[in-house]
C-alpha cells in the first residue's frame, strides 16, 4: 500500500474495494454463514464470490473448539488464527476487507478478531454482498491463487472479558453490559437456539440491527454516536461490555461504536450460551 493511501478501519464502500481488487496488499475474506446450515456459506462461496476473496468459516476459522463450559463460538486460539491469516496471504501491511451475505455480523466477528490480534487495518464491506451486487459488481467461482505470508499476532487480550469478570461486574454501576440479541430472546421468550432463555441481570438491550439503515448499510457516524451515547447513559465507551448469544452479532455493536468514534468497548465472547453453562449464574427474564 502506497504512502498516499489511507487504511480503512471500520467500513468500506463497494466502489473502493472494486478499485483495489488487484492491489497486492489487499485481501478480501468472504464470511458468509448460516447458523442453522453450517455448510451453506461455503457452498455459496464456491458458486460465486468477490474476485480474489478467501473463505472464512465461522466454526472452523473464526471460532475455537466447543467444550462443555464454552459458548457456541469460543474464541480461536490466537496463534491458530494467526497461522490461518498467514495462509490467506495476510501480513501486517495488508488491508483486509471482510463481508458476508448482508447482515454483516459474521463479517463483524472477523473484523473484531483481526483487531483482537492487533491488526487494525480491517474494514467491513458496507452492506455486504448485497451492496456489492447492487453496485453492478461481478462474482466469480474461481478459487484464488494465494501466496502465504507471515502474520505476527499481537494478542490484545484486554479486548475480551470472561464470564467471571462479567459476574463480578453485576453489582458495579460503572459497567454497561449490553446484549445485542433480538428483544424476544433477551426477554427469555421464543428461545430456539439456547436451552435456557433470558439475559444476564442488569444487561441492557441494544439489538445489533439498530445500527443499520433500511438498506442494510451502517448508519452514519453522527447518528450512531447519538444513539450509543443514549445507551451508555453517561458512562464512557470503555465501560461497555458487548454480548449476544455466542459473541458474534455483538461484534456489530462494537463495529458501530468504533465507527461512531466511541472506542474502548470490550466483548464477552462466551456470551449467553456460555453464561448458562453454569446453573449457579443468575438469569433474568422480561423486557428489562
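The values are calculated or read from the model by the stated rules, or taken from the named source; none is laboratory data. Predicted, not measured: the structure shown is a model, and the values here were computed from it. FYI the Cβ positions are ideal-geometry reconstructions off the backbone, even for glycines, and counts take in every protein chain you see.
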So, residue 47, is that one within 28 Å of residue 246 (Cβ to Cβ), touching a strand residue (DSSP E or B) at 6+ places or on another chain (Cβ under 7 Å) and not assigned by TED's automatic domain parsing to the domain that holds residue 258 or not? no
Residue match in region 71-82 (condition: buried (at least 19 other Cβ atoms within 10 Å of the Cβ) and farther than 23 Å from residue 252 by Cβ): yes
Could you tell me which residue of region 190-211 is farthest from the chain's Cα centre (by Cα), considering only residues that are free of Cβ contacts under 8 Å to residues at least 24 places away in the same chain and part of a loop (DSSP other than H, G, I, E, B)? 190
Tally of residues being surrounded by 24 or more Cβ atoms within 10 Å (Cβ to Cβ) and in a helix (DSSP H, G or I) across region 230-271: 9
Leading residue by the ranking (surrounded by the most Cβ atoms within 10 Å (Cβ to Cβ)) among those in region 1-53 that are without any contact (Cβ under 8 Å) to a residue 60 or more places away in the chain and part of a helix (DSSP H, G or I): 45
Test: residue 93 is more than 15 Å from the chain's Cα centre (by Cα) and touching a residue at least 12 places away in the same chain (Cβ under 8 Å): yes
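Scan region 102-122 and tell me whether some residue there is out of contact with any helix residue (DSSP H, G or I) (no Cβ under 9 Å at 6 or more places or on another chain), part of a loop (DSSP other than H, G, I, E, B), at pLDDT 95 or above and over 21 Å from residue 19 (Cα atoms).
Yes, region 102-122 has at least one match.
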